[in-house]
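Peer 1: Sharing a structure with you now.
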Amino acid sequence: MNSFKRMTYPYIIWLLVFVVAPMIMIVLYAVTVSGNDTIVFKFTLENFARFFKDADFLRVLFNSLRIAFITTVICILIGYPTAYLIAQQNENKQAFFVLLLTLPMWINMLVRTYAWKGILMRFDLSSEFKVFVGMVYNFLPYMILQIYTSLSKLDKNLLNAAYDLGANKVQTFLKVTLPLSVPGIVSGITLVFLPAVSSFCIPKLLGGGEYVLIGNLIETYFVTTGDWNFGSAISLIMAIIIIISMFFTKKIDKNQQED
C-alpha cells in the first residue's frame, strides 16, 4: 500500500505545479491592483466591477455563450445520427469509421483551423458563419465519440424486449435507445460547450480579427495590453461559468441514471 501511495507523488506534484499554482496566481492577480513595477497586495473587486459595468464586455460574454450553445446544438444534431449509424454497423466497420473520425484529430487543431481559413477565404461568407464552421469541425468528433460509446454499450436484449412487447422502431428508439444514450450526450455537451465557450484561436483565425469572443478578450489583456489583473478577473469569471456548467451537466447525468 505504501509503495502504491508513493507512485501518486509525481501526479500530485504535477497537479500542484501546473494546476493549483496557476489557479492561485490567477485568483491573486484578479483581486489585486498592479503598481508600476510590482504587484501591490491591495485587495479589490474593481477588476470584476469593471467587467460587469462595461456593456461591451457583457456583450462579448453573451456572444461567447451564444456561439458555444449553438455550436453544441449543431454538434448534437449532426453527431447523434452519425454515432447511431456507426453503432449499427458490424465491429469491423465500426472500427473503420471510428478511425476515419479520429484521423483528423491527430493533427494539431491550429493547423486544421489554418486549413479551413485557406478554404473559407475563397468564399464571401460572414465572419460568424466561418467561426461556426471552425467550431463545429473541431469539436464535432468529441460529441460523436461520446454518443457512439454509449450506443455501442447498449444491451441489445433491451431492444428485443421492446419489440416483443409490441413497440415499433420509433417507439423503441424514443423509449429505450435515446434515454440510455443520455450519458453520452451529456459527456459530449461537456466536451463541446466548455472548450467552445473559451476558444480564442478559432474566432481569431476564421473571424479575421473582427469577431471577438471571451477567449480573445483574455488573450488581449494578457498578451497585448499586459493588464494581467483584469485578464485574470475575466479568466476567473469564465472559470466560474465553466464550473457552474459542469455542475448542471453532472446533475442532469445523475438524475438520468437514477431514473
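The values are calculated or read from the model by the stated rules, or taken from the named source; none is laboratory data. Please read all numbers here as calculations on a predicted model, not as lab measurements. Cβ atoms come from the backbone with ideal geometry, glycine included; neighbour counts cover every protein chain shown. To get the accessible areas, we keep the full protein, side chains included, count just its heavy atoms, and leave off ligands, DNA and RNA. Shrake-Rupley method; radii C 1.70, N 1.55, O 1.52, S 1.80 Å.
Peer 1: Tell me the net charge near Ile12. Cut-off is 14 Å between Cβ atoms, Ile12 excluded, with +1 for each Lys or Arg and -1 for each Asp or Glu.
Peer 2: +2
Peer 1: How much accessible area per residue does the chain have, counting only protein heavy atoms and a probe of 1.4 Å, in square angstrom? Mind dumping the intermediate values first?
Peer 2: On the way: 15990 Å² over 259 residues.
Computed with neighbouring chains in place, this is 62 Å² per residue.
Peer 1: Net charge around Val98, counting only other residues with Cβ within less than 15 Å of its Cβ (Lys, Arg = +1; Asp, Glu = -1)? Can you show the working numbers first?
Peer 2: Numbers: positive: Lys93, Lys153; negative: Glu91.
Cβ neighbours under 15 Å give a net charge of +1.
Peer 1: Ignoring ligands and nucleic acids, what accessible area does Ile242 show with a 1.4 Å probe (Å², nearest 10)?
Peer 2: Solvent-accessible area, nearest 10 Å²: 40 Å².
Peer 1: Give me a comma-separated list of calculated 3J(HN,Hα) values for the range 142-158, in order, Karplus coefficients 6.51, -1.76, 1.60 applied at θ = phi - 60°, integers in Hz, x for any Gly or Pro.
Peer 2: So the J values, rounded to whole Hz, are 5, 5, 4, 5, 5, 5, 4, 4, 5, 5, 5, 8, 5, 6, 5, 5, 5.
Peer 1: Run the numbers for Ile240 and Val223: contour at 0.36 nm per residue of separation, minus the present Cα-Cα distance, in nm.
Peer 2: On the way: separation 17, 0.36 × 17 = 6.12 nm, distance 2.21 nm.
Result for the pair: 3.9 nm of gain on full extension.
Peer 1: If you don't mind, there's one more thing I want to ask. What ³J(HN,Hα) values, in whole Hz, does the Karplus curve 6.51 cos²θ - 1.76 cosθ + 1.60 give for the range 184-198 when θ = phi - 60°, with x put for Gly and Pro?
Peer 2: Residue by residue, the range 184-198 yields x, 5, 4, 5, x, 4, 4, 6, 9, 5, 5, x, 5, 6, 10 Hz.
Peer 1: Here's another thing I want to ask about it. Which of Phe123, Ile86, Phe48 sits closest to the plus end of the dipole of the chain, meaning its Cα is farthest towards the positive end, when Lys and Arg get +1 and Asp and Glu get -1 on the C-beta?
Peer 2: Ile86
Peer 1: Taking all protein chains in place and a 1.4 Å probe, what share, in percent, of the accessible surface of the chain do carbon and sulfur account for?
Peer 2: That fraction is 68 percent.
Peer 1: Let me check against my output: what whole-number percent is the relative contact order of the range 101-251, with C-alpha pairs under 8 Å and at least 6 apart?
Peer 2: 25
Peer 1: If you average the C-alpha positions of the range 130-184 and of the range 100-123 separately, how far apart do those two centres end up, in angstrom?
Peer 2: The range 130-184 and the range 100-123 have Cα centres spaced 27 Å from each other.
Peer 1: Pick from Ala87, Ala196, Ala162 the residue whose mean-square fluctuation is largest in a GNM of the chain, springs joining Cα atoms under 10 Å.
Peer 2: Among Ala87, Ala196, Ala162, the largest mean-square fluctuation in the Gaussian network model of the chain belongs to Ala162.
Peer 1: Along the charge dipole of the chain, which of Val197, Ile214, Ala30 sits closest to the positive end, that is, farthest toward it, with unit charges on the beta carbon of Lys, Arg, Asp and Glu (+1, +1, -1, -1)?
Peer 2: Val197
Peer 1: How large is Rg/Rh for the range 22-139, to two decimals, with Cα atoms and a Kirkwood Rh?
Peer 2: The Rg/Rh ratio comes out at 1.16.
Peer 1: Scan around Thr32 for amide H atoms under 5 Å from its own, H built in the peptide plane at 1.01 Å from N, and keep only partners 5 or more places away or cross-chain.
Peer 2: The answer is Thr44.
Peer 1: Sticking with this one: What ³J(HN,Hα) values, in whole Hz, does the Karplus curve 6.51 cos²θ - 1.76 cosθ + 1.60 give for the range 83-90 when θ = phi - 60°, with x put for Gly and Pro?
Peer 2: 5, 5, 5, 5, 5, 7, 7, 6
Peer 1: Further question on the same structure: Contour minus end-to-end for Glu210 and Ile78, with contour as 0.36 nm per residue of separation and end-to-end as the Cα-Cα distance?
Peer 2: Using 0.36 nm per residue and subtracting the Cα-Cα distance, I get 44.8 nm.
Peer 1: In square nanometres, what is the average projected area of the Cα convex hull of the range 103-232?
Peer 2: 10.9
Peer 1: Now a separate question. Placing unit charges on C-beta atoms (Lys and Arg positive, Asp and Glu negative, everything else neutral), compute the dipole magnitude of the chain about its Cα centre in debye, rounded to 20.
Peer 2: Computed charge dipole of the chain: roughly 400 debye.
Peer 1: On to the next question. Ordering Phe97, Phe52 from largest to smallest accessible area (1.4 angstrom probe), what's the sequence?
Peer 2: Phe52, Phe97
Peer 1: Starting from the Cα-Cα distance between Phe129 and Val170, subtract it from 0.36 nm times their residue separation and give me the gain in nm to one decimal.
Peer 2: Between Phe129 and Val170, full extension yields 11.4 nm more.
Peer 1: How much of the pair distance distribution for the range 68-127 lies past 16 Å, counting alpha-carbon pairs only, in percent?
Peer 2: Of all Cα-Cα pairs in the range 68-127, 65 percent lie more than 16 Å apart.
Peer 1: Something else now. Please list the three semi-axes, largest first and in whole Å, of the ellipsoid equivalent to the chain, using sqrt of 5 times the eigenvalues of its alpha carbon gyration tensor. Intermediate results must be reported in sequence, preceding the final value.
Peer 2: Details: eigenvalues 306, 123, 70 Å².
The answer is 39, 25, 19 Å, longest axis first.
Peer 1: Same structure, new question: Taking the Cβ of Ile119 as the centre, find all other residues whose Cβ is under 15 Å away and add up their charges (Lys, Arg: +1; Asp, Glu: -1).
Peer 2: +3
Peer 1: Using Cα atoms only, what is the angle between the long axis of helix 21-30 and the major principal axis of the chain, expressed in degrees (0 to 90) to the nearest 10?
Peer 2: 50
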